[in-house]
Every structure is written in structure tokens, then in C-alpha cells.
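Accompanying notes for the structure given below.
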Amino acid sequence: HQDRNIVRGVIHLSGVFDLLPILSTSVNFPLKMTRLDAEMFSPLQQGNMDRLVTAKHLQHWVVVGENDSPAFKEQAEKYVGELEGRGCQVAFTVQPSEDHFSLVERLMEDQYSLTKQVLAFINTGSVSC
């Protein structure tokens, strides 16, 4: 369908791609997320990955901060691997000296390298890392 091509890419900033590990943490207390919710909204779940590959025109750009926790980095690397394994277009960037809070907060800075790359991605649909 032609409308599907309106979106050319997705930027995943320090994403959580598997929500199941969160279920037993304090993060889930206010969310009250069930196992079914976590499976439904986790990009790494098989059904969600299967749906993603139907949009092969999308460029996925996964960004993590150098100072992100190992769990964030592992999930991002696994997600990138799953996308690549399914023939999706994917780029992976580790943003130096940042964590998942600071890399998002700094996006408001015009001269921040990631801000410039995000704007270029929006304009061109490709990553220039």
C-alpha cells in the first residue's frame, strides 16, 4: 500500500526492546504491566518482529549511549541482530559519553552531533554516522 511509504525510517533511542525483564522490577509498579502487555509491546517478541519485516523499506537506526547500562546495550545489539537477520535496513550507533537520559536531553542543542544526524536522517532517510 502506497501510504506505508510515508514513513521512511525509525530512530530507536536507547530503547527497551524486551519488556519482560521489567515485569519483576520497581519500574513496573506504576505501569502495572502484565506478561501479555509486555509480550504485545516488546519489539523483540517473535510476532512483532514478523510484522516489522513486512516494512522492508524502513531504515532502522538504533542509538545507545556509551554510558548506558549493559542491559540497554545488550537489548539494542540483540534488536539490531534480529533486524539484520530478517533483511531489514539497520544502522547502529553508540553515542560517546552519553547515557539514555543525556542523549535525549541534548537533542535540543543545535550543535549536538546527534541532533545534526537526526535532522539529516529525517531529511534524507539514511544514517550518516
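Give me the percent relative contact order of the range 58-129, please, defined on Cα pairs under 8 angstrom at least 6 residues apart. Walk me through the numbers on the way to the answer.
Working: 84 pairs, mean separation 24.6, N = 72.
That works out to 34 percent.
Within the range 1-94, list the GluC sites (Glu not before Pro) lying in a DSSP loop whose Cβ has at most 15 other Cβ atoms in a 10 Å radius. Mind dumping the intermediate values first?
On the way: sites: 39, 66, 74, 77, 82, 84; in loops: 66.
Here the sparse-neighbourhood loop sites are 66.
Per-residue ellipticity at 222 nm from helix content only, as computed over the chain with -39500 (n - 2.57) for each DSSP H run of at least four residues, stands at -10500 deg cm²/dmol. Whole-Hz Karplus values for the range 29-39 come out as 3, x, 6, 6, 6, 8, 4, 4, 4, 4, 5 Hz, taken residue by residue from phi with 6.51 cos²θ - 1.76 cosθ + 1.60 and θ = phi - 60°; glycine and proline positions read x. Split the accessible area of the chain by element, probe 1.4 Å, and carbon with sulfur accounts for 57%. For the chain, the solvent-accessible area of protein heavy atoms averages 60 Å² per residue (probe radius 1.4 Å; ligands and nucleic acids excluded).
Note on the range 16-60 and the range 101-117: Cα centroid distance 26 Å, given to the nearest whole angstrom.
Partner aspartates and glutamates whose Cα lies under 15 Å from the Cα of residue 73, excluding those fewer than 8 positions away in the same chain, are identified as 18, 82, 98, 99.
Restricting the calculation to Cα atoms, every distinct pair contributes to the Kirkwood radius of the range 8-69, found to be 13.1 Å.
The HN-Hα couplings worked out from phi for the range 13-20 by the Karplus form 6.51 cos²θ - 1.76 cosθ + 1.60 (θ = phi - 60°) are 9, 6, x, 9, 9, 10, 7, 4 Hz, whole numbers, x standing for Gly and Pro. Taking the square roots of five times each eigenvalue of the Cα gyration tensor of the chain, the equivalent ellipsoid has semi-axes of 24, 21, 13 Å, listed largest first.
The values are calculated or read from the model by the stated rules, or taken from the named source; none is laboratory data. Predicted model, so just to flag it, every value in this text is computed and none were measured. Reconstructed Cβ throughout: ideal geometry from the backbone, glycine too, with neighbour counts over all protein chains shown. Accessible surface is based on the protein model in full, side chains and every heavy atom, while ligands, DNA and RNA are left aside. Shrake-Rupley method; radii C 1.70, N 1.55, O 1.52, S 1.80 Å.
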